[in-house]
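The values are calculated or read from the model by the stated rules, or taken from the named source; none is laboratory data. Keep in mind it's a predicted model, so treat the numbers as computed, not measured. So basically every Cβ, Gly included, is an ideal-geometry build from the backbone, and we count neighbours across all protein chains shown. Calculation scope for accessible area: heavy atoms of the full protein, side chains included, ligands and nucleic acids excluded. Shrake-Rupley method; radii C 1.70, N 1.55, O 1.52, S 1.80 Å.
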Amino acid sequence: MPLGPGVARLDPMANNGDTSKSTYLLAVGTKKGMWLGTSADRAAYTFTGPHFLMNEIPSIGIDTRNGSTRILVGVRSEHWGPTVAHSDDLGQTWVEPDNGAITFPPDTGAALERVWQIQPDTGDRPGVVWAGCEPISVWKSTDGGEHFELNRGLWDHPHRSEWGAGFGGAAAHTVLPSPADPNTIHIAMSTGGVYRSTDGGASWQPRNKGIGAGFMPDAEPEFGQCVHKVARDAGNPGVLYAQNHGGVYRTDDNGDTWTSIAEGLPADFGFTMLAHPRRAGTAWVVPITADSARIPPEGQLAVHRTDDAGATWARLADGLLEPDFNVVLRDAASVDTAEPVGVFFGTRGGTVYASGDEGSSFAPVLTGLPDVLCVRAAVVGL
Amino acid sequence: MPEVNVLIPSLLRPVTGGREELRLDVEAAGATLADLLDAIGAQYPVFNRRVRDETGSLRRFVNIYLDGDDVRRLDGLKTRVAAGSEVMVMQSVAGG
């Protein structure tokens, strides 16, 4: 399918909370392009794509804060390099700033490799969008993602020379601004672990106490962990959940200490971590057997949900195809903000699942895609 | 006019206004490949970012041929370009 034409024309107005008239947007970034789907019920979707054919799409951000919908996309061609594009008309047209939204300043001597994360900030900070990139770096935009500025506090961090590269590259892949405090931001990097700033990004401290690093001689170093994904609890911004490279954890003190919540899961390895957008204590993971066996346990793909902050987990597999030996990558999963919350994820085997009931049941909405790298869902209104 | 002809691959024509080739005055644009790319980039900045990263390095899987020779086997982007030359920008064989 061609890029652009064929996208349903929708009036991208903000959702005012009345989801009975909502349109649900599902964006799927793959290794060879992006697909965009719209649905009135999160069951039947109309998809267009591939957009950006032959470009990998490792990051997508859907910004619905401004009374409109902006889709921001990290695009990377193996030949022509990385860039950031955005669309304000649900993918009908794309804009790429002439000089690039994210480019390293000359004095760094660095070049952008890949945009791993595009994260719009909270609703009371319009225009602020964060990005996490490879090489390990965090960026902040104040103009809705058209131009980003390198965070120097992290770029000049004394730990930088000791941060390593995970299999996918050395990147800051998670950026979580706190809704409670504009000066508090948590990030996660592979490898390096969780870092936190409480001064708006001027300085960053490692916050990995309790998180294991089984691949290092020191099993619990100050930093160096390979934290795969972190999500923030909606009810208490000081509570966060982490899927580690071996280990699932929760912090109740803003990242100062972490405790295992892996009991009850079939495996503590995995890449994803999702938190409910409103309800405290609810999170989702997709377990993978182990570092040395990167398939779902027994080849049976399943999502696991906790409603008590990790004390117990429920296995959710209704509607998932069996068997499935494919991994769900760290950003290939998303929740929306509807009621009940939708849960969406895609596999490296190219199947995308949607749930309109918080994961209790799923249905495949796309199959046969290239490896799914990123999934984002939103309510965009109608 | 002492010109150089730069052939644009089809995949990059959307960022050169659809143009298949660009003719540049060598004297005005300078005399190295980097100078030529700077001159093109002034008019087509996205083309420049596709071919070079922000450090000015030629992207790993982009090849440039000067009169049929791979510039990586010459003097890279410092290679001198004479009037009447033909510069061909191509993507290398990579990916899967």
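For the reader, a short list of remarks on this structure follows.
- Close amide H pairs (under 5 Å, H built 1.01 Å from N) link residue A:229 with A:243, residues at least 5 positions away or on another chain.
- Inter-part distance, segment B:22-51 to segment A:43-58, computed on C-alpha centroids, equals 33 Å.
- Only aspartates and glutamates eight or more places from residue A:209 in sequence, or on another chain, were considered; those with a Cα closer than 14 Å are A:218, A:220, A:222, A:252, A:253, A:256.
- Overall, the accessible surface of chain A at a probe of 1.4 angstrom is composed of carbon and sulfur to the extent of 51 percent.
- Two-site label geometry, residue A:98 and residue A:66: point separation in nm, points 7 Å out along Cα→Cβ: 2.0
- Under 22 Å from residue A:140, Cα to Cα: lysines that are on another chain or at least 8 residues apart: A:229
- Overall, the accessible surface of segment B:3-91 at a probe of 1.4 angstrom is composed of carbon and sulfur to the extent of 45 percent.
- Structure-based [θ]222 nm, chain A - -39500 (n - 2.57) summed over DSSP H runs of at least 4, per residue, nearest 500: 0 deg cm²/dmol
- With DNA, RNA and ligands ignored, accessible area of residue B:78 (1.4 Å probe; Å², nearest 10): 150
- Those residues of segment B:45-75 for which accessible area with every protein chain present is at least 10 Å² below the isolated value (1.4 Å probe): B:45, B:46, B:49, B:50, B:53, B:54, B:55, B:59, B:61, B:62
- Scanning residues 5 or more positions from residue A:60 or on other chains, those with amide H under 5 Å from its amide H are A:74, A:118, with H placed 1.01 Å from N in the peptide plane.
- Solvent-accessible area lost on pairing B with A (1.4 Å probe, both sides summed) amounts to about 1500 Å².
- Solvent-accessible area lost in complex, 10 Å² minimum, residues of segment A:112-161 relative to chain alone, 1.4 Å: A:112
- Of the chymotrypsin sites (Phe, Trp or Tyr not before Pro) in segment A:200-269, those whose Cβ has at most 15 other Cβ within 10 Å and which sit in DSSP loop: A:215
- Averaging the sequence gap over all C-alpha pairs within less than 8 Å and six or more residues apart, then dividing by the number of residues, gives segment B:3-91 a relative contact order of 39 percent.
- Solvent-accessible surface, computed for protein heavy atoms with a probe of 1.4 Å, shrinks by 20 Å² or more for the following residues of segment A:74-98 when the other protein chains are added to the isolated chain: A:78, A:79, A:80, A:82, A:96, A:98.
- Reachable aspartates and glutamates from residue A:32, criterion Cα separation under 18 angstrom, eight or more residues apart if same chain: A:56, A:78, A:113, A:331, A:371
- Using a Förster distance of 25 Å, the FRET efficiency for residue A:156-residue A:256 (Cβ separation, nearest 0.05): 0.55
- Solvent-accessible surface of the protein assembly as shown, averaged per residue with a 1.4 angstrom probe and all protein chains in place: 40 square angstrom.
- The orientation-averaged projection of the convex hull spanning the C-alpha atoms of the protein assembly as shown amounts to 22.3 square nanometres.
- Net +/- balance of residues flanking residue A:159 in space, Cβ distance below 14 Å, scoring K and R +1, D and E -1: 0
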